[in-house]
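Structure first, then comments.
The values are calculated or read from the model by the stated rules, or taken from the named source; none is laboratory data. Computed from a prediction, not measured in an experiment: that's the story for all the values here. Because the Cβ atoms are built from the backbone with ideal geometry, glycine has one as well, and the counts that use them run over all protein chains shown.
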Amino acid sequence: MREVKIAPSILSADLRCLAREVEAVARAGADWIHVDVMDGHFVPNLTFGMPIVAALRRITSLPLDVHLMIEAPERYLEAFAQAGADRLIVHVEACPHLHRVIQGIRRLGLRAGVALNPATPLSALEEILPDVDQVLIMTVNPGFGGQAFIERMREKVRRARRMIDALDRPIELEVDGGVGPENASDLVEAGATVLVAGASIFEAPEGAEAALRRLRQAVENARIPRFP
Ligand code: DX5
Ligand code: ZN
């Protein structure tokens, strides 16, 4: 069976007590911590940089899944590696020399991922897929937490799963944006192996721990197909 990971996005955490928020989701069984880096150019919002990644590195031993929504990410790969990132995800839309950027991430000893905006076709992955550890399908337009899931993306996830299965490599398929207990099992059935969730965990009225457990339950209810 495919193992499904849950990656809470700290974009929606209460930053006054980041350590407590991260410890709560870790206790509830979070697999990775997702960090949304935004530069105000590639996306219309500004968020975190290396110091927050370094702080998280001191808070937790969970893998830090760093999503770079920035232009020319090659300028900062080494700095994020030094700060303690485990996985670096770059957007295909931000990298004219994507192959070079992916090689750069791997040379630093990190896992390399590529992200696709909702309007970017999967064909953009064709030549790079054999070189990546992870594909991130944006299921909202990047820039903000708490947006509604774009329903059509479920079919895109299904097609991405087929592309990955056609290669004999363990590539994670991550979905990011508007993910919660109501659509988690569908996404897992479509082929996702990593669910990023911000608002549905950190803004849940029942609290982050209970929300994460509910999300896990939804994942476990999915009928996960076996690898061919
Ligand atoms: C959006 C970010 C997401 C965001 C998801 O641009 O990439 O990781 O935190 O937040 P939710 O789960 O609230 O849609
Ligand atoms: Zn993200």
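Just to be sure I understand, how many residues within the range 1-28 are away from ligand 1 (no atom under 16 Å from the Cβ), assigned to a helix (DSSP H, G or I) and either among the aliphatic types (A, V, I, L, M) or on the phi > 0 side of the Ramachandran plot (or both)?
The qualifying residues number 3.
Does residue 144 satisfy being at negative phi, within 13 Å of ligand 2 (Cβ to nearest atom), in a loop (DSSP other than H, G, I, E, B) and of a type in the set (A, V, I, L, M, F, W, C)?
Here the answer is yes, as residue 144 does meet what is asked.
If residue 9 satisfies all but one of (1) under 20 Å from residue 176 (Cα atoms); (2) more than 14 Å from ligand 2 (Cβ to nearest atom); (3) modelled with pLDDT of 95 or more, what's the number of the condition it fails?
That leaves (2) as the condition not met.
Which of the residues spanning the range 144-200 are away from ligand 1 (no atom under 14 Å from the Cβ) and under 18 Å from residue 213 (Cα atoms)?
Scanning the range 144-200 gives 185, 186, 188, 193.
Name the residues in the range 30-54 that are among the charged types (D, E, K, R), away from ligand 2 (no atom under 13 Å from the Cβ) and part of a strand (DSSP E or B), would you?
Residue satisfying the conditions is 39 alone.
Being outside any helix (DSSP H, G or I) and either over 24 Å from residue 197 (Cα atoms) or not hydroxyl-bearing (Ser, Thr, Tyr) (or both) is the requirement here; does residue 112 meet it?
yes
What's the number of the only condition in (1) farther than 28 Å from residue 206 by Cβ; (2) without any contact (Cβ under 8 Å) to a residue 60 or more places away in the chain; (3) under 18 Å from the mean Cα position of the chain (by Cα); (4) outside any helix (DSSP H, G or I) that residue 62 fails to meet?
So residue 62 meets the others, but not (1).
Return the only residue of 87, 100, 75 being of a type in the set (D, E, K, R) and either crowded, with 17+ Cβ neighbours inside 10 Å or within 15 Å of the chain's Cα centre (by Cα) (or both).
87
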